[in-house]
Each structure stands twice: as C-alpha cells, then as structure tokens.
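Encoded as structure tokens, the structure appears first; notes follow it.
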Amino acid sequence: MKHSISFTINGEKVHLEVEPHKTLLNMIREDLNLTGAKEGCGAGECGSCTVIVDGKAVNSCMMLAVEADGKEIITVEGLAKNGVLDALQESFINNAALQCGYCTPGMLMSAKALLMRNPKPSEEEIKEAIAGNLCRCTGYKVIVDAIKEAAEKNN
Amino acid sequence: MNKFQYVKPATLNEAADILYQNGDEASILNGGTDLLVRMRDKMIKPKVVVDVKAIPELKELKYTEEEGLFIGAVVTMNEIVCSDIILEKYKILAEAAHEVGSYQLRNRATMTGNVCNASPSGDTIAPLYVLSANIKIFSKEGIKLVPIDDFILGVRKIALKPGEIVVGIQIPPIKGKNGGSYYKHSRRKDVDLATVGVAAFCNEGRWKIAYAAVAPTILRGYKAEEILNKLDVIDDTTLIPAMDAAVEEISPISDVRASKEYRFDMIRISLKRAVLAALEQYA
Ligand SMILES: Cc1cc2nc3c(=O)[nH]c(=O)nc-3n(C[C@H](O)[C@H](O)[C@H](O)COP(=O)(O)OP(=O)(O)OC[C@H]3O[C@@H](n4cnc5c(N)ncnc54)[C@H](O)[C@@H]3O)c2cc1C
Ligand code: FES
Ligand code: FES
C-alpha cells in the first residue's frame, strides 16, 4: 500500500505517494530527480547520501521515505540561492576541496548542518561533523580548510 | 528491501495491539540504523514495520532525585550527548553515546535501539550494566522494569514477548562520590565497532566493571571489581592484578575485527584506561 506524504524540500512543498520500502535517498533521487545525494554504501557507512532533515544531518539511505512526512528537508541542490553559491560551495572551490566529487554533496550537507547549529566550530568540531563522510580522493585536509574558511566568512 | 506494511501508532496501546496481532512478522522501527541495514541485506523480512517515533511516552528524557534518570526509547544518541543532566550526573552515558557511529548516525540511532539490538559490541550497553539500568517495558498487562542483565539473553536475543514494547531506560539515582568511564578500543576512531570495550564505574569506593565485545553478551567483571574494591591506591602498578583478572573473566572469539589473542591482550589495557579515566571523574 502506498502512503500519501507531504514535506518541504529546499523550500518547496511536495505531496507524494510512496511505497513503504523506498528509502528517503531513493525517493529524492528517483521521484524528485534531485541526484546530488549519492548512494555509496547504502548502509550508513560513507555519508555520501547525507541530507538535512529538520536541521539535522542524516544518512538518507537509512531512513524510509514515509518517515519524511511533515519534515523539512534540504539537499545539496538547496544550498545555492538565486544562482548564488553558498559560502561553503565557494570555499570548496577556492580550496580545491574535491577531486572526483562523489563525496562532495554529502560533505557539504554535513558541513552545512554543522554551521547551522554552530557558526564558529573548532577544528575538532569540524572533524567530528564529517567523520561519517568518507572521501577516497582528497585526504580531508583541504575539506577541513574549506569548512574553516566558510565559517570565517560567516562571521 | 522486501515489501512490508508501514504503521505509525500514536499510542502505546495501539502499538501493543499491532505487535501482538503480528507476532514474529512485525519489527519495531526506531532510528532504523540496525533494522534497515538488516532488512536491506534481507537478514530479516518483516511483514509489518511499526514506527514507534510518534508515541509521546517514548520521547521523554527526565531526571528526578527519587527515581533517577529516564531515557525514552526514541531519544537519540546526539540528544544524550548534549543533555545537561546526563553530562552532569551520568557522564559515562554521554561518553558511550558519543562513541556510536558517526554524527549523522547519532542523529537517528537511539540507546534503546542499541540495547534491543543486543550486539556484544553495543557501545552503550556495558555502561548501562555498571549503572544497574532497568529496561521499562509496556504491554497490555501493564508496565514492568527488567534489570538490563536479565533483559539481554544473547547475541540479538532479548527478553521481549510479542505485544511488548520498550518505553525507555530507567537508571537509578547515584548518591555520594562517583565517577565512571567507557573505553572503546577499535581499529579507527569513528564508524567502527568496538574490538573490546570496558565500562568502569566507582561509587563510594565500590567498583563495577563490564566488558564489551568479548563474549555473546556484555559481561560483568566481578573478579576485577573485587580486587579494585580492596585497593587503597590505584595506579599503573597496583592495577596489574585486576588486569590479570579481566583476562580470566572473558571468552572472546576471533572475527573480522581481531583475533581472540589480541582481545585477551587488549582487555588488560582497556580495563586500565577505563579505571584511570573513571578515577579522573571521581568526585
Ligand atoms: C554505519 C554504522 C555504524 C555503527 N556504529 C556503531 C557503533 O559504533 N557502536 C554501536 O554500539 N552501534 C553501532 N551501530 C549500530 C546501531 O547504530 C546502534 O545499535 C543503534 O543504537 C541502534 O539504534 P536505532 O534506534 O537505530 O535502532 P533500530 O535499528 O531502529 O532498532 C534496533 C533493534 O531494536 C528494536 N527496537 C528498537 N526500539 C525498540 C523498542 N522501543 N522496543 C522494542 N524493541 C525496539 C528493533 O526492532 C530492532 O530489532 C552502527 C550502525 C551503522 C549502520
Ligand atoms: S550511502 Fe548512505 S551512508 Fe553510504
Ligand atoms: S572527492 Fe572523490 S571521494 Fe571525495
């Protein structure tokens, strides 16, 4: 049986009919065509599927789509406003904080959730926030630098 | 994932009815960080998934001088890590909750889910043993409290009958000087399960020790406790007999994370680190 759910995604109200066994990640990618969030492991290990639900970073591969009912979701597509990139996206570019880019949407969303709850994070807090986001290319240092730079700009 | 029916009851009574009617075919969904992985891997194929996150009683986190701490079943690890009362009075629980997975995971994972999953490496379970926690269970017959060591029966085996649901975890108030710590030894700092873990807690000079990931269930370290209780001074040297006792008390296996020989070695150092860290908290 399909469930009728309503939620907000990147500021837009959406109503959908979803099968209970569909994950939030698959709903976002397949039903809403927002393909920024990626499936790396599908099991909570890699963070490439990270989105923000009610202000909190979560692994969208480990949440059911039906659980999104009534929630407010932000994906990487919601970061730029009117064609202007978010400070984090700018600083990721400035610091060359990506190579293949597969982890980047998840990294950005973990970092965004961090800056939303804590605009001036320490290096330790930055590392804690992205500890669940694997990157096989960069070696992380440039990512931490990019998040630091965005935080400085914020303040 | 196989197909299933999803229900989100609004009350304990409603949840108990659904669980009773569906028996083994129903699974409770909390943060889903264990359940959904197991469903995805088709290790379990529930016909009905009962999401308990709308039940008001399960959302409570409260402390009273008489009854101590109650952590509702759907309270997340991150809520526990950030709770002022837990940081002040039960710091070992905040420490253990912080050891679980990653930041994102802790926004969903719950302590009750950790306990009900009953994995030998569950990070919050050993600390709950040394705090003498009780599991609060609802059924149509009423509410009952079950000591955690009676609740956990084996790997993924708990004392929960069809129609029963865990409302939360009740931890007695602590009177007098105390300090506790959980030491997790793992291959890497985040998103890894414990290779071995030790929870150490001292209250008015009496120690409680529990070992994780070294047997099918968490084990109490009764021998190590007895030795520690008799020590006047606890330091690197006087701790050695308790460390030797720990080796005798555990029955680890070899698995993907480590050999049993390595676990025998690591339980010694983990016990030492947990006890010394607990002493630093002792006040
Ligand atoms: C990538 C990853 C890393 C992890 N790292 C760690 C780690 O470092 N340490 C660790 O200890 N664990 C770890 N885990 C395991 C898991 O995250 C924890 O066990 C978590 O606490 C489970 O909580 P949950 O709310 O998500 O449980 P769920 O998956 O929702 O439920 C777990 C089990 O408990 C039952 N259950 C839940 N609530 C109730 C209730 N109220 N009444 C009765 N039964 C109930 C469910 O039916 C299910 O069988 C990890 C998991 C993943 C995917
Ligand atoms: S795809 Fe979700 S954590 Fe890897
Ligand atoms: S840039 Fe390739 S995985 Fe991070």
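The values are calculated or read from the model by the stated rules, or taken from the named source; none is laboratory data. Remember, it's a predicted structure, so these values are computed and weren't measured experimentally. Cβ coordinates were reconstructed from backbone atoms using ideal geometry, including for glycine residues, and neighbour counts include every protein chain displayed.
Quick notes on this structure:
- Evaluated against (1) away from chain A (no Cβ under 14 Å); (2) surrounded by fewer than 19 Cβ atoms within 10 Å (Cβ to Cβ), B:S181 falls short on exactly one condition, (2).
- Pairing residues of the stretch A:7-20 that are assigned by TED's automatic domain parsing to the domain that holds A:D31 with residues that are aromatic (F, W, Y), at Cβ distances under 7 Å and at least 6 apart in sequence or on separate chains, gives A:V14/A:F7; A:P20/B:F4; A:P20/B:Y6.
- Total residues in the stretch B:113-130 satisfying the condition of being surrounded by fewer than 24 Cβ atoms within 10 Å (Cβ to Cβ), of a type outside the set (S, T, N, Q) and in a loop (DSSP other than H, G, I, E, B): the figure is 1.
- For the stretch B:162-194, a residue qualifies if it is out of contact with any Asp or Glu (no Cβ under 9 Å at 6 or more places or on another chain), outside any strand (DSSP E or B) and modelled with pLDDT under 95, and the qualifying residues are B:R187, B:R188, B:K189, B:D192.
- Restricting the stretch A:30-47 to residues that are more than 10 Å from ligand 1 (Cβ to nearest atom) and out of contact with any helix residue (DSSP H, G or I) (no Cβ under 7 Å at 6 or more places or on another chain), the residue that is farthest from the other protein chains (Cβ to nearest Cβ): A:N33
- When the stretch B:52-96 is limited to residues that are over 21 Å from the mean Cα position of the chain (by Cα) and within 15 Å of ligand 1 (Cβ to nearest atom), the one that is nearest to B:P162 (Cα to Cα) turns out to be B:I55.
- Any hit, the stretch A:64-78, residues being surrounded by fewer than 22 Cβ atoms within 10 Å (Cβ to Cβ) and free of Cβ contacts under 8 Å to residues at least 24 places away in the same chain: no
- Test: residue in the stretch B:154-172 that is touching a strand residue (DSSP E or B) at 6+ places or on another chain (Cβ under 9 Å), among the charged types (D, E, K, R) and within 20 Å of B:E67 (Cα to Cα): no
- Close pairs from the stretch B:228-241: first surrounded by 15 or more Cβ atoms within 10 Å (Cβ to Cβ), partner of a type in the set (K, R), Cβ under 8 Å, at least 6 apart: B:L239/B:K272
- As a summary of the residue check, B:C116 satisfies the conditions (1) within 14 Å of another protein chain (Cβ to nearest Cβ); (2) touching a residue at least 60 places away in the same chain (Cβ under 8 Å); (3) farther than 27 Å from B:R273 by Cα except for the one numbered (1).
- For the stretch B:224-256, the set of residues classified as within 21 Å of B:A194 (Cβ to Cβ) and in a helix (DSSP H, G or I) consists of B:A224, B:E225, B:A242, B:M243, B:A245, B:A246, B:V247, B:E248, B:E249, listed by residue number.
- Of the criteria (1) part of a strand (DSSP E or B); (2) within 14 Å of another protein chain (Cβ to nearest Cβ), which one A:K13 fails: (2)
- Among strands (runs of 3 or more DSSP E) entirely within the stretch B:1-112, having at least 1 residues that are within 11 Å of another protein chain (Cβ to nearest Cβ) and of a type in the set (A, V, I, L, M) singles out B:5-7, B:26-29, B:48-51.
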